[in-house]
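Here the structure comes first, spelled out in structure tokens, and everything after it is commentary.
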Amino acid sequence: MITETQNIPLTGNVKPIANMRQWLASLSLVFSHSNFGTALAATKRQGPLSVQKAFYPEGRDCAHIYLLHPPAGIVSGDQLRISLELQKNAHVLVTTPGANRFYRAREDQSIGESKQLQITTFSLAQHAICENFPQETIVYEGADAVNTVDIHLSSSSVYFGWDISCLGLPSSNQPFKHGSYTQLNRLYCDNKLIYHDRIAISPNNQLMAHSAGLAGRSVFATFLVYAPKQLALASERQQLVEHLREIIEQQHAENKVSITDIKGLLVIRYLGEQANEAKHLFIRLWQHLRPQLISNSAVEPRVWHT
């Protein structure tokens, strides 16, 4: 295994670091697969983003990765860019040791911009499997945040991934009233856009309160499941969705969770008040889906129990 750690330039529209009021960070990981299993083959990083090593609680074929961001939060001017490339046959489960946080944005933009940005990109080669299960994202009152997840798959790769967004801290009497938060998820298969979902919450659009928006709920989450080869037949997908709905009913969560089959992409949504509840429900569904789609039982990351 070759691991390279060095500073690399950021791409896109990112401006170079001009002062200490912003923190630009990037992390690029490449995973390979051989007769010895999946390995973290290359690492490039800049700023406070890193991984320690790959863990193998279920054997060498599946590498468990914990993304580390020591500041544990994103403030005004910060831009975090995370890229994971899975080469042919690689299998990676990625999570985080704790919640991500978008803190209150600065109001005085004369000392720097208020925007807070995180962009995560996954690229999967043939027969690669990615399971992306970060802990929840907490968006503090007054934040000005954008969280983007782009997934690029091949026709034989498999993706499981969720995001759980928590607006404000209502249990601490700190509701989310005046901030802005945009969550953007895009999924491509063989360079064709399959799924584009964007929610932009601001005081102007009243999405938090509107019945066609969040209807006053503070936690919303999306679990995407895409396995083009395994879910090719509509009849098999229908049967699978019925079983998932039975699990949801057993958890008495049919009023909080919905499942939609969009031409083979399963979109599972949660709308409620508790991040732990959303995560618990998604884990239960993953425990049913994983054996069906990749013939492996679900093995939870150890960091979830520490």
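The values are calculated or read from the model by the stated rules, or taken from the named source; none is laboratory data. Since this is a predicted model, take the numbers as computed values, not measurements. With ideal geometry, Cβ positions are generated from the backbone for all residues, glycine too; neighbour counts draw on all protein chains shown.
Below is a table of values for the structure above.
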| item | result |
| --- | --- |
| Filter result (within 14 Å of the chain's Cα centre (by Cα), crowded, with 18+ Cβ neighbours inside 10 Å and among the polar types (S, T, N, Q)) within the range 99-124 | N100, Q118, T120, S123 |
| Residues of the range 45-63 satisfying the condition of being in contact with a helix residue (DSSP H, G or I) (Cβ under 8 Å, 6 or more places away or on another chain) and either at pLDDT below 95 or surrounded by 15 or more Cβ atoms within 10 Å (Cβ to Cβ) (or both) | F55 |
| Cross-chain or 6+ apart pairs with Cβ under 7 Å, the range 209-225 first and without any contact (Cβ under 8 Å) to a residue 12 or more places away in the chain and loosely packed, with under 12 Cβ neighbours inside 10 Å, then assigned to a strand (DSSP E or B) and charged (D, E, K, R) | none |
| So T38, is it over 15 Å from the mean Cα position of the chain (by Cα), buried (at least 18 other Cβ atoms within 10 Å of the Cβ) and at pLDDT 95 or above | yes |
| Residue list for the range 259-306, restricted to those being surrounded by 14 or more Cβ atoms within 10 Å (Cβ to Cβ) and among the hydroxyl-bearing types (S, T, Y) | Y270 |
| Strands (runs of 3 or more DSSP E) contained in the range 125-165 and holding at least 3 residues surrounded by 23 or more Cβ atoms within 10 Å (Cβ to Cβ) and hydrophobic (A, V, I, L, M, F, W, C) | 144-153 |
| Residue selected from the range 22-35 under the condition out of contact with any strand residue (DSSP E or B) (no Cβ under 6 Å at 6 or more places or on another chain) and in a strand (DSSP E or B), by the criterion surrounded by the fewest Cβ atoms within 10 Å (Cβ to Cβ) | S34 |
| Top-ranked residue in the range 47-94 [being polar (S, T, N, Q) and within 28 Å of G142 (Cβ to Cβ); ranked as nearest to the chain's Cα centre (by Cα)] | Q79 |
| Residue list for the range 70-98, restricted to those being buried (at least 19 other Cβ atoms within 10 Å of the Cβ), aliphatic (A, V, I, L, M) and over 21 Å from A128 (Cα atoms) | I74, V75, L80 |
| Residues satisfying the stated conditions in the range 39-59, i.e. in a loop (DSSP other than H, G, I, E, B), farther than 15 Å from L86 by Cα and without any contact (Cβ under 8 Å) to a residue 60 or more places away in the chain | G47, P48, L49, V51, Q52, K53, Y56, G59 |
| Residues located in the range 169-190, provided they are out of contact with any Leu (no Cβ under 7 Å at 6 or more places or on another chain), modelled with pLDDT under 95 and in a loop (DSSP other than H, G, I, E, B) | N173, P175, K177, H178, G179 |
| Number of the exception - A275 against (1) closer than 20 Å to A221 by Cα; (2) out of contact with any Asp or Glu (no Cβ under 6 Å at 6 or more places or on another chain); (3) aliphatic (A, V, I, L, M) | (2) |
